[in-house]
Amino acid sequence: MNESSPLTVFFGAAIQGARDREARSDMHRRLIEIIKSLNCHVLSEHTGGGDFDQTAALMEDAIGPLPKQGKKRTVYVRDEMIRMVESAIDAAIFEVSTPSLGTGIEIAHAYLRPRLSLPPIPVIALYQKNYWPNHLSAMIDGISKEQVPHFTLLEYDDIDHAAKLLGPILSSLKPGGQFPKAGTISARKCPACGHHEVGMTAKDGSFTPLRPGMGVEIK
């Protein structure tokens, strides 16, 4: 992989319902470090927070100051996570060993991007074998390659096994490879939340929102 051109990756995992939050946050941190070592930029590392304050601090590093605790903060965080999943990323990776409504919603937004006129991206779900007593949800395990060709479920034994599984997949991706190279600047109302956004419409009709940090060339 070209070390000068890192991939941009969204990483999601349960932060509310883990039976041992510190144990899973440690696993999340280690997975994030593995992903970063494979020449990837992880948009937010908040799932590695071992407690509420650490999680909030890591989230603010990614999306800026959070509103005061309450409904306004909840809405803000939810909207920012969805915007990340729908932004100009090269892949989305989720740790799904712990059941999580929030992670499930993020996964859906990731693999349903084409329905929002967004380019498809590789979506990778990591499940640690035999971690959860009731095993992996059928809503994840039941996603087939025939239905969602860009979705991959990886079952891993331990952190070293996860690294071996992720390495070949991420090394095969090219930064920006999933996005149109040329198009016309346009605007639309976001199908997810209704806000107006500026982006680029390619000849095939696909729309790529313009996000902070993206490189552009105007001719």
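Scanning the stretch 79-96 for residues that are part of a helix (DSSP H, G or I) and either at positive phi or acidic (Asp, Glu) (or both) yields Asp79, Glu80. Only one entry in Tyr131, Tyr76, Tyr127 is assigned to a helix (DSSP H, G or I) and hydroxyl-bearing (Ser, Thr, Tyr), namely Tyr76.
Output yes when any residue across the stretch 75-84 is closer than 26 Å to Ser171 by Cβ and either in contact with a Pro (Cβ under 7 Å, 6 or more places away or on another chain) or not basic (Lys, Arg) (or both), and no when none is. Yes, the conditions are met somewhere in the stretch 75-84. For the stretch 101-118, the candidate set comprises residues that are surrounded by fewer than 22 Cβ atoms within 10 Å (Cβ to Cβ) and part of a loop (DSSP other than H, G, I, E, B); within that set, the residue that is modelled with the highest pLDDT is Leu112. Among the residues making up the stretch 134-176, those that are outside any loop (DSSP other than H, G, I, E, B) and of a type in the set (Gly, Ala, Ser) are Ala138, Ala162, Ala163, Gly167, Ser171. Taking (1) out of contact with any helix residue (DSSP H, G or I) (no Cβ under 8 Å at 6 or more places or on another chain); (2) among the aliphatic types (A, V, I, L, M); (3) in contact (Cβ under 8 Å) with a residue 40 or more places away in the chain in turn, Val75 satisfies each apart from (3).
Filtering the stretch 29-39 for residues that are touching a Pro at 6+ places or on another chain (Cβ under 6 Å) and within 27 Å of Leu170 (Cα to Cα) leaves a non-empty set. Within the stretch 97-112, residues that are at negative phi have Cβ atoms under 6 Å from residues that are among the aromatic types (Phe, Trp, Tyr) and not in a loop (DSSP other than H, G, I, E, B) in these pairs: Ser97/Tyr127; Thr103/Phe94; Ile107/Phe94; Tyr111/Phe151, counting only partners at least 6 apart in sequence or on another chain.
Evaluation of Gln54 against the conditions (1) among the polar types (S, T, N, Q); (2) surrounded by fewer than 20 Cβ atoms within 10 Å (Cβ to Cβ); (3) modelled with pLDDT of 95 or more shows that the sole unmet condition is (3). Is it the case that Ala92 is among the hydrophobic types (A, V, I, L, M, F, W, C), modelled with pLDDT of 95 or more and in contact with a Phe, Trp or Tyr (Cβ under 7 Å, 6 or more places away or on another chain)? Considered against the rule, which asks whether it is among the hydrophobic types (A, V, I, L, M, F, W, C), modelled with pLDDT of 95 or more and in contact with a Phe, Trp or Tyr (Cβ under 7 Å, 6 or more places away or on another chain), Ala92 comes out as yes. Only one entry in Ile121, Ile82 is of a type outside the set (Lys, Arg) and surrounded by fewer than 21 Cβ atoms within 10 Å (Cβ to Cβ), namely Ile82. Check whether at least one residue in the stretch 39-51 is among the polar types (S, T, N, Q) and free of Cβ contacts under 8 Å to residues at least 24 places away in the same chain, and report yes or no. No, there is no match, as no residue in the stretch 39-51 is among the polar types (S, T, N, Q) and free of Cβ contacts under 8 Å to residues at least 24 places away in the same chain. Here is a check on your reading of the model: is Ile32 surrounded by 15 or more Cβ atoms within 10 Å (Cβ to Cβ), β-branched (Val, Ile, Thr) and either touching a residue at least 60 places away in the same chain (Cβ under 8 Å) or part of a strand (DSSP E or B) (or both)? Taking the combined requirement at face value, the residue does not satisfy it. Scanning the stretch 8-49 for residues being of a type outside the set (A, V, I, L, M) and more than 23 Å from Pro133 (Cβ to Cβ) gives a total of 15.
The values are calculated or read from the model by the stated rules, or taken from the named source; none is laboratory data. The shown structure was predicted, so the numbers you read here are calculated from the model rather than taken from an experiment. Backbone-built Cβ (ideal geometry, glycine too); neighbour counts: all protein chains shown.
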